[in-house]
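As structure tokens, the structure follows; a few thoughts come after it.
The values are calculated or read from the model by the stated rules, or taken from the named source; none is laboratory data. Note that this is a predicted model, so its numbers are computed, not measured. Cβ placement follows ideal geometry from the backbone for every residue including glycine, while neighbour counts extend to all protein chains displayed. Just the protein is used for accessible areas: all its heavy atoms, side chains included, with ligands, DNA and RNA removed. Shrake-Rupley method; radii C 1.70, N 1.55, O 1.52, S 1.80 Å.
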Amino acid sequence: MSIENLAKKAKDLKAKGMTAREICQEMHLSNPTVKWLLAKQPEGGMPADVKTGWRSIGVSGARISSIAEIMTDIIVEEAENGEFGIDMVAGIVLNGMTLGVFVSEMLDVDFGVVKPTFDDSQTTLASNYAGFEGKDIVIVDDLVSTGGTCSEVIDYIRKEGGNPVLAVVIINKLAENEINGVPLRALVRARPMGP
């Protein structure tokens, strides 16, 4: 997709009332990239980013389950190596929820949902699901771009009395292997290379 088409899509989503953060999630781009696309300031140059999409997985429950099985295998390996327990899987709204349901079922642990901030809102726990207090928690999401959402979720879980022990995503766009002291694992690491 061309830069012009990306910018048009971002502006169309904004016109529909979506926040910049929601546009990031919808387009699988980082916040700086979405802000640049909305502002379209060519003199600043487009931020380094990698556009990701996993629609070919997301259209099939069986495929999502298969990806969740791989994530579960990574979680079990990390728990054995790190010698930590797992009481709960917390899926981050929106894409992390679907993956998290499958992972929590495979691990036979509680499932919770974290709704990160969308501009003026606050991070919250979806009250229909398990709470965090006193639990060792694995965070599940589709991707990490800047680490902002995952960091926010880690802080929130700690504030609510939970212990985040691991974050697992399909795609990690960062060079880091941890966020806020929590190990970060991904099925794929994708990051731009340059001088």
*Could you count how many residues in the stretch 170-183 are open to solvent by less than 10 Å² (accessible area, probe 1.4 Å) and over 15 Å from VAL89 (Cβ atoms)?*
1
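Working carefully through the options GLU105, GLU78, find the one that is surrounded by fewer than 20 Cβ atoms within 10 Å (Cβ to Cβ) and free of Cβ contacts under 8 Å to residues at least 60 places away in the same chain.
Step by step, each of GLU105, GLU78 is checked, and only GLU105 is surrounded by fewer than 20 Cβ atoms within 10 Å (Cβ to Cβ) and free of Cβ contacts under 8 Å to residues at least 60 places away in the same chain.
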*Cβ pairs under 9 Å, 6+ apart, first in the stretch 146-160 and touching a residue at least 12 places away in the same chain (Cβ under 8 Å) and farther than 9 Å from PRO116 by Cβ, second aromatic (Phe, Trp, Tyr) and crowded, with 16+ Cβ neighbours inside 10 Å*: ILE157/PHE132; GLU160/PHE132
*Scope the stretch 66-75; condition open to solvent by less than 50 Å² (accessible area, probe 1.4 Å) and among the β-branched types (Val, Ile, Thr); matching residues*: ILE67, THR72, ILE74, ILE75
*Got a sec? Which of SER127, SER121 is over 28 Å from LYS14 (Cβ atoms), modelled with pLDDT under 80 and out of contact with any Asp or Glu (no Cβ under 9 Å at 6 or more places or on another chain)?*
SER127
*Odd one out for ASP87 among (1) at pLDDT below 95; (2) surrounded by 13 or more Cβ atoms within 10 Å (Cβ to Cβ)*: (1)
*Kindly indicate whether ALA186 is at pLDDT below 85 and open to solvent by 10 Å² or more (accessible area, probe 1.4 Å).*
no
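Out of the residues in the stretch 133-169 that are in a helix (DSSP H, G or I) and polar (S, T, N, Q), state the one that is surrounded by the fewest Cβ atoms within 10 Å (Cβ to Cβ).
Checked the stretch 133-169; the qualifying residue surrounded by the fewest Cβ atoms within 10 Å (Cβ to Cβ) is SER151.
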*Does GLU43 count as part of a helix (DSSP H, G or I) and modelled with pLDDT under 90?*
yes
